[in-house]
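Colleague: Got a structure for you, written out below as structure tokens; questions coming shortly.
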Amino acid sequence: MEKFDALWNYQTEDIKADQIANDIKRSPVRQKLERARDFIMERQKQYKQLEDEIIAMADRKEILVHAVEKEEEQLRLLEQSFQQNPPADDSSLQRMLSDVSRCRDTLRQYESEMRHIVNDTGSHEKQLRSVWLDAAKAKQNFDQLKVDYDNESKVKKEELDQQRARVKALEGSVEPSLMAEYLAIRKHITPPVVRLQYGQCSGCNTSLPSATLSKIRSGSLVECETCGRMIIQ
């Protein structure tokens, strides 16, 4: 039975270490710090997306400028051709007028698209400034929270190190086979070891058959068939 007492004492100190570690993770200041970090990362992502869209619009605008120049040159050539070689018949005149109309329609489409690009670029640049300001303010908040959290957690981390040292010191008192089984179960469920209470596994409250109860009371190691924990007297 002493070997199980040693295991129980080890688990008691091990759980205390877990509780301290969880207290550090659940710290309100840490949670605010993580939210501030996530907000900054989201704003950085948004900023990059806006930058990429502005660059894409600038590239498209440049393409449209060249396309407008090409259409205007085509329109000048048509007008020059009309002046130098007037159409000889109605059919030729209609074809030329159709070409002129097509050029003008294309120019109007290009110019309309360019106006939209200019408006959208202005809107994106405004959003870009807003996102940058949000990220800058969030970074200042993050830096202050980081200082607060470091100060707050320093004491807790020292406490955790001391508790883990106590846990480490108790390892030698536990039989290696029990320790191996304890660590294997601990990966899946906590606590790995529970007491027998009123004929039940106190981990999952499952009633145990009489044969199992006899094994536990005789000092044999028994694992709960329901939750997998080690059950001791």
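Colleague: Take residue 26 and tell me if it is more than 30 Å from residue 223 (Cα to Cα), of a type in the set (D, E, K, R) and in contact with an Asp or Glu (Cβ under 8 Å, 6 or more places away or on another chain).
Modeller: No.
Colleague: Select from region 95-118 the residues that are farther than 30 Å from residue 53 by Cα and not hydrophobic (A, V, I, L, M, F, W, C) and write down the one among them that is surrounded by the most Cβ atoms within 10 Å (Cβ to Cβ).
Modeller: Among residues in region 95-118 that are farther than 30 Å from residue 53 by Cα and not hydrophobic (A, V, I, L, M, F, W, C), the one surrounded by the most Cβ atoms within 10 Å (Cβ to Cβ) is 99.
Colleague: Just a yes or no: is a residue in region 81-94 of a type outside the set (Ser, Thr, Tyr), touching a Pro at 6+ places or on another chain (Cβ under 9 Å), loosely packed, with under 14 Cβ neighbours inside 10 Å and modelled with pLDDT under 95?
Modeller: Within region 81-94 (the criterion being of a type outside the set (Ser, Thr, Tyr), touching a Pro at 6+ places or on another chain (Cβ under 9 Å), loosely packed, with under 14 Cβ neighbours inside 10 Å and modelled with pLDDT under 95), the answer is yes, since at least one residue qualifies.
Colleague: Looking at region 87-94, is at least one residue more than 30 Å from residue 57 (Cα to Cα), touching a Gly at 6+ places or on another chain (Cβ under 8 Å) and part of a helix (DSSP H, G or I)?
Modeller: Among the residues of region 87-94, not one is more than 30 Å from residue 57 (Cα to Cα), touching a Gly at 6+ places or on another chain (Cβ under 8 Å) and part of a helix (DSSP H, G or I), which makes the answer no.
Colleague: Now for a separate question. Right, residue 57: in contact with an Asp or Glu (Cβ under 7 Å, 6 or more places away or on another chain) and at pLDDT 95 or above or not?
Modeller: yes
Colleague: Keeping to region 137-160, report how many residues are of a type in the set (Asp, Glu) and in contact with a Leu (Cβ under 9 Å, 6 or more places away or on another chain).
Modeller: 1
Colleague: Within region 180-195, which residues are in contact (Cβ under 8 Å) with a residue 40 or more places away in the chain, hydrophobic (A, V, I, L, M, F, W, C) and open to solvent by less than 30 Å² (accessible area, probe 1.4 Å)?
Modeller: 185, 193
Colleague: Please work out if residue 15 is β-branched (Val, Ile, Thr), farther than 19 Å from residue 180 by Cβ and out of contact with any Gly (no Cβ under 8 Å at 6 or more places or on another chain).
Modeller: Criteria not met by residue 15.
Colleague: Please verify whether residue 139 is closer than 30 Å to residue 39 by Cα and in a helix (DSSP H, G or I), treating the condition exactly as stated. Before the answer, list the steps.
Modeller: Values: closer than 30 Å to residue 39 by Cα: yes; in a helix (DSSP H, G or I): yes.
So residue 139 fits the description; yes.
Colleague: Among the residues of region 148-164, are any in contact (Cβ under 8 Å) with a residue 24 or more places away in the chain, more than 30 Å from residue 11 (Cα to Cα) and assigned to a helix (DSSP H, G or I)?
Modeller: Yes - at least one qualifying residue is present in region 148-164.
Colleague: Condition first: open to solvent by 70 Å² or more (accessible area, probe 1.4 Å), touching a strand residue (DSSP E or B) at 6+ places or on another chain (Cβ under 6 Å) and either closer than 19 Å to residue 3 by Cβ or assigned to a helix (DSSP H, G or I) (or both). Now tell me which residues in region 196-222 satisfy that.
Modeller: Selection gives 215 alone.
Colleague: Which one is surrounded by the most Cβ atoms within 10 Å (Cβ to Cβ), of the residues in region 30-54 that are among the aliphatic types (A, V, I, L, M) and over 17 Å from residue 139 (Cβ atoms)? First the steps, then the outcome.
Modeller: We begin by selecting, within region 30-54, every residue among the aliphatic types (A, V, I, L, M); these are 33, 36, 40-41, 50, 54.
If we keep only those that are over 17 Å from residue 139 (Cβ atoms) too, we end up with 50, 54.
Values: 50: 20, 54: 16.
Residue satisfying both the conditions and the ranking: 50.
The values are calculated or read from the model by the stated rules, or taken from the named source; none is laboratory data. These numbers were taken from a predicted model, which means no experiment stands behind them. Note: ideal-geometry Cβ built from the backbone for every residue, glycine included; neighbour counts use all protein chains shown. Side chains are part of the model used for accessible areas, which takes the heavy atoms of the whole protein and leaves out ligands, DNA and RNA. Shrake-Rupley method; radii C 1.70, N 1.55, O 1.52, S 1.80 Å.
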